[in-house]
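One structure is given here, and the rest of the page talks about it.
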Amino acid sequence: MSSILVIDGVSPGEPVLGAPRPERVIAGDPANKTWDLEKTPDGKVETGVWEVAPGAWNVVKDGWEFMHIVSGHSELTEDGGETVVLKPGVSFV
């Protein structure tokens, strides 16, 4: 069995539609689409594509996440921290 996993991001199928909980939205209507592409058998690692409409909301994470900006931009501000602007080509954890 090969340990190489090829992920087809060109034909990802239908997205799952979502949005932040209303009480977390600060501005706009940040509806999103998620294309879940692959996950490990134990479910601990997942890959996919995420697209979101403009807006601002509070995010609460209980784990870590790797992201790579393909288009548009994102602004992240940790509680009490400075805003970091992420543009196409930038990756972050």
Quiz item: Computed on alpha carbon atoms, what radius of gyration and Dmax characterise the chain, expressed in Å?
Solution: 15.0, 48
Quiz item: Which ³J(HN,Hα) values in Hz, rounded to whole numbers, follow from the phi angles of the range 10-16 under the Karplus curve 6.51 cos²θ - 1.76 cosθ + 1.60, where θ = phi - 60° and Gly and Pro get x?
Solution: 7, 10, x, x, 7, x, 8
Self-check item: Exposure rule at most 14 other beta-carbon atoms within 10 Å, DSSP loop chymotrypsin sites (Phe, Trp or Tyr not before Pro): the chain longest free segment
Solution: 1-63
Quiz item: What size of dipole, in debye to the nearest 20, comes out for the chain about its Cα centre when the only charges are +1 on Lys and Arg C-beta atoms and -1 on Asp and Glu C-beta atoms?
Solution: 80
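Under the rule that an exposed site lies in a DSSP loop and has at most 15 other Cβ atoms within 10 Å, name the longest stretch of the chain with no trypsin sites (Lys or Arg not before Pro) of that kind, not counting the sites themselves.
Maximal segment without exposed cleavage sites: 1-43.
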Quiz item: If you find the alpha carbon centre of the range 20-74 and of the range 79-93, how far apart are they in angstrom?
Solution: 14
Exercise. Enumerate the lysines that Lys44 could reach by cross-link, defined here as Cα to Cα under 18 Å, with residues fewer than 8 away along the same chain left out.
Key: Lys61
Quiz item: Size of the dipole of the range 6-50 about the Cα centre, Lys and Arg at +1 and Asp and Glu at -1 on the beta carbon, nothing else charged, in debye to 20?
Solution: 180
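Quick note: the coordinates plus some simple rules give every number you see, no bench work behind them. Here the structure is a predicted model, which is why all the values come from computation and not from measurement. Because the Cβ atoms are built from the backbone with ideal geometry, glycine has one as well, and the counts that use them run over all protein chains shown.
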